[in-house]
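Following: one structure in structure tokens, then a few remarks.
The values are calculated or read from the model by the stated rules, or taken from the named source; none is laboratory data. All values derive from a computational prediction rather than experimental measurement. All Cβ positions, even for glycine, are placed from backbone atoms using ideal geometry, and neighbour counts span all protein chains on display.
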Amino acid sequence: TEEKSLHFIEQIIEDSLSNGFPKDKLRFRFPPEPNGYLHIGHAKSICLNFGLGLKYNAPVNLRFDDTNPAKEEQEYVDAIKEDLKWLGFNWTEELYSSDYFQQLYEWAISMIKNGKAYIDSQSSEDMALQKGTPTQPGVDGPHRNRSVEENLTLFEGMKNGDFLEGSHVLRAKIDMTSTNMLMRDPLMYRVLHRHHHRTGNDWKIYPMYDYAHGESDYIEQISHSICTLEFVMHRELYNWFLDQIYDDSKVRPHQYEFARLNLNYTVMSKRKLLQLVQENIVNGWDDPRMPTISGLRRRGYTANSIRKFCDMIGVAKRENIIDFSLLEFCLREDLNKTAPRVMAVLDPIKLVITNYPEDKEEWLEAENNQEDESAGFRKVPFSKELFIEREDFLEDAPAKFFRLSLGREVRLKNAYIIKGESVIKDAAGTITEIHVTYDEDSRSGSGSEASQRKVAGTLHWVSIQHALEAEVRLYDRLFIDEAPDSHKEKNFLEFMNPDSLQIVKGFVEPSLATVHSGEKFQFQRLGYFNVDKDSTEGKIVFNKTVGLKDAWEE
Ligand code: ATP
Ligand code: MG
Ligand code: MG
């Protein structure tokens, strides 16, 4: 096994352990907001938090950060759980920030009583003006010194639904001149008359993320609260909120920040992914072109390959952009070992073996996966009329064309050596049939001298009378720009790839008659393909997962 050096968060944990922090108090959480589906960026955070849990044998909670009922839904909760399980991780407890609404409310009341919070009843515009700018200190607003009694009465009114949205907010009373803008009396609660997917209409006020997050970590006794770099400036506020409630007999959570995953040729903001779904630019959150976990799964990605990818990119403190091809590399490595090989023709042209008997059929032995001995063999039918790929034949081929041409020989995979003899064309000059002869003694695996003859190339094929028709969905990048959401003057939707989906009718060998959604195959010389959930008994649908790096050579 290879030695791996510790990443900086593991280093922090090792340091605290050697400074006496008890190992059995280590506790982590993964805190998604249920306002969308998980994407490949989340996978990095998942692998990090659950990886630490496994490494230190410590609990990892799944905490739904559900403090904004306007955007959150049960559908997203369910999808997040399904994706996590599929990725292969088990959480210790399933928890919700909304479980803590009562506790958070009570803490807010004690903060009001301690003079650490107040009700502001100004418009958001006025509050923003008083807040100042990064280079200019803010000024106190007119409600900052309201009496405790008045604050308590108003806060209760907010809670009881006596006020309209936007009429009052609860603010932490910190410092309007702080160099950290987030410390200039940040909001703690706002009035929202919205139905919450778990608490229904019980609450008319909802806590803000910054207030709820750290206190939720504290309630759950999370030791290491890991988030992405955008939260560096929030750490001071995280700590301030903890100071208001912290009891030193308990574990005090600490926030640590790591660099988020950025991938080229895609977008990862949930807001933008939601827009693609809502505007029907893609076919749902699990569209195989989406960078969501469910989209990648439907495309044919394996959980293994995603975990391997997260492992390879590592955990760092500096942002960078990872090339999508690295994710594809991890996928190919995995599928190469596990995906059975089959033959499929996606752009067919008819090939007739003129010296093969009219009514004969043979069932030839084919190896399922040369990378995996246990995968065994199957039989594929061979007959006089076959399909091959149109691009595997050229009438006038250059010397370096290692496929079929007139007067030249190639091998048909698992079958015989054939020689191009003539073509039939339609009125427009397009080839409609290729006529070849075969060498009866050259069958693969027969051990004969002819079977060992070296020929220029090997082609895949299917027997026309035995082949099954399949719908094959071919995908390309969803965006034509490396960083579609980085342009100031242009919306990311202007960079959609108009050719990101192409649907073709292909022909596959009959061993695929009984495939199930999610089964993965290598179509030899073409790439990896995943059976789509749209498949029915009468109609198989494949998604192209990823191409082969190199066509196989024999
Ligand atoms: P978005 O910006 O897409 O809405 P988010 O950060 O608001 O994402 P959350 O559901 O709050 O989404 O994220 C849950 C966890 O996943 C957080 O800890 C967050 O830091 C982490 N996370 C989200 N995106 C990435 C990413 N691209 N790389 C690494 N971690 C991420
Ligand atoms: Mg978030
Ligand atoms: Mg978000």
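Here are the numbers for the structure shown:
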item: Entirely in the range 184-283, the strands (runs of 3 or more DSSP E) that have 1 or more residues that are over 20 Å from the mean Cα position of the chain (by Cα), surrounded by 15 or more Cβ atoms within 10 Å (Cβ to Cβ) and within 14 Å of ligand 1 (Cβ to nearest atom); result: 224-228, 254-258
item: Condition met for Ser294 (under 11 Å from the mean Cα position of the chain (by Cα) and away from ligand 3 (no atom under 16 Å from the Cβ)); result: yes
item: Pair list, Cβ under 7 Å, 6 or more apart: the range 390-406 residue free of Cβ contacts under 8 Å to residues at least 24 places away in the same chain and assigned by TED's automatic domain parsing to the domain that holds Ile424, other residue hydroxyl-bearing (Ser, Thr, Tyr) and buried (at least 17 other Cβ atoms within 10 Å of the Cβ); result: Leu394/Ser405; Ala397/Ser405
item: Cβ pairs under 6 Å, 6+ apart, first in the range 27-42 and assigned by TED's automatic domain parsing to the domain that holds Pro59, second hydroxyl-bearing (Ser, Thr, Tyr) and within 10 Å of ligand 2 (Cβ to nearest atom); result: none
item: Residue selected from the range 14-36 under the condition charged (D, E, K, R) and within 16 Å of ligand 1 (Cβ to nearest atom), by the criterion surrounded by the fewest Cβ atoms within 10 Å (Cβ to Cβ); result: Glu33
item: Some residue of the range 467-480 being at pLDDT 95 or above, in a strand (DSSP E or B) and aromatic (Phe, Trp, Tyr); result: yes
item: Residue in the range 315-328 that is under 29 Å from Ala513 (Cα atoms), touching a strand residue (DSSP E or B) at 6+ places or on another chain (Cβ under 8 Å) and in a helix (DSSP H, G or I) present; result: yes
item: Matching option when the condition is within 16 Å of ligand 2 (Cβ to nearest atom) and within 29 Å of Glu82 (Cβ to Cβ), among Arg271, Arg307, Arg297; result: Arg271
item: Tyr256, sole failed condition from (1) assigned by TED's automatic domain parsing to the domain that holds Leu474; (2) within 16 Å of ligand 2 (Cβ to nearest atom); result: (1)
item: The range 487-514 residues that are on the phi < 0 side of the Ramachandran plot and exposed (fewer than 12 other Cβ atoms within 10 Å of the Cβ), paired with ones that are part of a strand (DSSP E or B) and basic (Lys, Arg) (beta carbon under 8 Å, 6 or more apart); result: Gln502/Arg473; Ile503/Arg473
item: Filter pass, Ile46 being surrounded by 21 or more Cβ atoms within 10 Å (Cβ to Cβ), under 21 Å from the mean Cα position of the chain (by Cα) and either away from ligand 1 (no atom under 16 Å from the Cβ) or part of a helix (DSSP H, G or I) (or both); result: yes
